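Everything on this sheet refers to the single structure shown next.
None of the figures in this text is laboratory data; all of them are computed from the coordinates on show. Here the structure is a predicted model, which means the values were calculated and not measured. Neighbour counts are summed over all protein chains in view; Cβ atoms, including those assigned to glycine, are modelled from backbone coordinates with ideal geometry.
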Amino acid sequence: MDAADLFAKLRAGARFDLKRFGRDANRFRISQSKDATLSENSLDLDFFKNQNAKSCKPVGSIFQSNQEGEDCEAELENESSPPSGKRNVEAEPETVKKRKKRKEPGETEPIFADTMEDDGIMLMSSLGNRMKGSSENKSTEPSAHSLERQRREKVNKFRRVHRICVQGTDIPEPVSTFEQLQQEYKVHPKVIQHMQEAGFQTPTPIQMQAIPVMLHNREILACAPTGSGKTLAFCIPLLTHLRQPMNKGFRALILSPTRELASQTHRELVKLSEGIGFRIHKINKAVEAAKKFGPKTSKKFDILVTTPNRLVYLLNQDPPALDLSSVEWLVVDESDKLFEDGKMGFRDQLATIFLACTSHTVRRAMFSATFANDVEQWCKLNLDNVISVTIGTRNSAVDTVEQELLFVGNETGKLLAMRDLVKKGFSPPVLVFVQTIDRAKELFHELIYEGINVEVIHAERTQQQRDNVVRSFRIGKIWVLISTALMARGIDFKGVNMVINYDFPTSAIEYIHRIGRTGRAGHRGKSITFFTEDDKPLLRSIANVIKQAGCPVPDYMMQMDKLQCKEKKRMIKNPIKRADIKTTPKYFMEKAERKKKMIEKSKKKQRAPSRAAVPTDSSKTFPTAS
């Protein structure tokens, strides 16, 4: 193989600059036919990055004769040798002028060009075309990264519109319709049907985010305002996760702080699961349940709804009356109340229940309208990869309630203000909150003579009495219901028009739950809170909640001194001692008390002679044997 053949193979796919290297072209016998077949429209890669090659003529047009080659050689010699004497600028070839053209400042050097002249070797392959085509495709077709970014922006915009705040990793996307739940998560059609029959056309914000989170089998800490649909937000995922009834025992456990709230949750679950066959049980009396349940009996149920004290009573039996080893979901409703320490909280009972749920697949969900920082910290430390979902501003009142603070001076002023509201007229039903059971009884005895249908509910009444009162209040037989904090948590009364805080709440959390009994599910409501001189230390915290909800608050309330954390806890544990609710003069009260004692004394005297008249066995005589 000679040098010409070797060079021909080495230069395959490249174009030789015949104008500059004409002598070498003759030496290696570069033919016209090979170079003429090269496409003039191909992209050229300039390895030397020169700007002056804008039009390269084909080889055949340059080498038409040997004379032209000699001219090129002479031209190269003239370039290499210094000029002598005057130079004829007009006779200079155009190509020389083009080569001497300097690059202007700011001008960039292109790498690829379709018809660019070069001082060296140019690639003639289709590499440039391929690279240009790929760059055009990148500009026209969106990449996977840009699509993912657009999807995230769309989801974040949806959450901002519905005031959904989430924290955690790998958070599922929210849903916008119940049909989307049925298509993506295979929610039972009957559940969707029951929701629509109840009047729910679209999910509420807490349902949009909490349902997908639980259906992805993730633990959740959910905080949403009162009346926002939290009960359905955990009932729908439970029914979807369990799929169908099984004789495996309790697979879902729902804890509520009060029997009334447990009854309400049980009722909603029964409505949703109608036609599916789930067996949902509520513990009414712990003693009866201890006798009823056994190793085989508890296997016949799927979901258990109860309060912590009753469940702990059954777990402490020897042997335990309930087996929670099959529980797959543990839902704690009003969890901030259950996590409270002391006699009003259920922290110790919750610890016992958590230990009894021994399944390695158990998942926990916490729902409430308010959350304290210690509850959130506990959940982050003890729950597995928990997701926090908050609707709106945490620990805030709903904006559908018109809130008002009313100064009444003292305890007597409260009763006068209450009677004034009755005189002016109000739209029942009305819920009145007081501080203690004794004060509930006293207020009931004062209002019973005002000509309105009033009733009282508290923990000292039997379960049957409480159920009857709640039922009568729901159907409208009772206009005014006086209650302690028993009814402040989670109870859903349809259409409560007004809430009256007869006694000032001991904390902002309690205030939020009290007024949350009205203004539910988008309806409007009103709340009136009485306060006296003794309530001034707690006034600023309540005024902050009212101001955040957009209701007017006097400026002097916002300038009051803040309470320290220790003082707040002390006032919660030891509420203000208030005077009795009585308007009867002391003389008449003492007179009535003396009359009552005289009646009791006369009754005792009447019983004494009747007992003496009855013969005893000792007075009887029997004949003796002779």
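Across the range 349-462, what fraction of all alpha-carbon pairs, as a whole percent, falls in each successive 10 Å bin from zero upward?
All Cα pairs, binned at 10 Å, distribute as 9, 27, 22, 21, 16, 5, 0 percent.
Which distance in nm do the two modelled labels at residue 423 and residue 438 give, with both placed 7 Å along the Cα-to-Cβ direction?
In this crude spin-label approximation the distance works out to 3.0 nm.
Quick one: what Rg and Dmax do you get for the range 323-398 from the alpha carbons, in Å?
Spelled out, the Cα radius of gyration and Dmax of the range 323-398 are 13.1, 40 Å.
For the range 387-520, just the Cα atoms, rotate onto the principal axes and tell me the three extents in Å, largest first.
Largest first, the range 387-520 extends 51, 38, 26 Å along its Cα principal axes.
Can you pick out the pairs among 380/547; 423/526; 271/300; 494/569 whose Cα atoms lie more than 24 Å from each other?
From 380/547; 423/526; 271/300; 494/569, over 24 Å: 380/547; 494/569.
Among 471-479, 206-214, 429-437, how do they line up from the highest to the lowest mean number of other beta-carbon atoms within 10 Å? Show your work: numbers first, answer last.
Details: 471-479: 14.7, 206-214: 25.7, 429-437: 21.7.
Highest to lowest by the protection proxy: 206-214, 429-437, 471-479.
What nm distance separates the two modelled labels at residue 573 and residue 150, each placed 7 Å from Cα along Cα→Cβ?
Each label point lies 7 Å from its Cα, and together they span 6.0 nm.
Rounded to the nearest 5, what % of DSSP beta bridges with both residues in the range 150-391 are antiparallel?
Values: 4 of 28 bridges.
Counting DSSP beta bridges with both partners in the range 150-391, the antiparallel share is about 15 percent.
Mind jotting down a quarter of the surface of the convex hull over the alpha carbons of the range 142-237, in square nanometres, one decimal?
Details: hull surface 27.5 nm².
Over all viewing directions, the range 142-237 projects a mean Cα-hull area of 6.9 nm².
What dipole magnitude, in Debye to the nearest 20, does the range 150-391 give about its Cα centre under +1 on Lys/Arg Cβ and -1 on Asp/Glu Cβ? Present the calculation step by step, with values, prior to reporting the outcome.
On the way: 32 positive and 24 negative charges, 105 e Å.
Here the range 150-391 has a charge dipole of around 500 debye.
Using the reciprocal of the averaged 1/r over all distinct C-alpha pairs, how large is the Kirkwood radius of the range 150-391 in Å?
Details: mean 1/r = 0.0545 Å⁻¹.
For the range 150-391, the Kirkwood estimate is 18.3 Å.
Using a Förster radius of 35 Å, what is the FRET efficiency between residue 180 and residue 547 based on their Cβ-Cβ separation? Nearest 0.05, please. Could you put the intermediate results ahead of the total?
Numbers: r = 37 Å, r/R0 = 1.07.
In this case the efficiency is close to 0.40.
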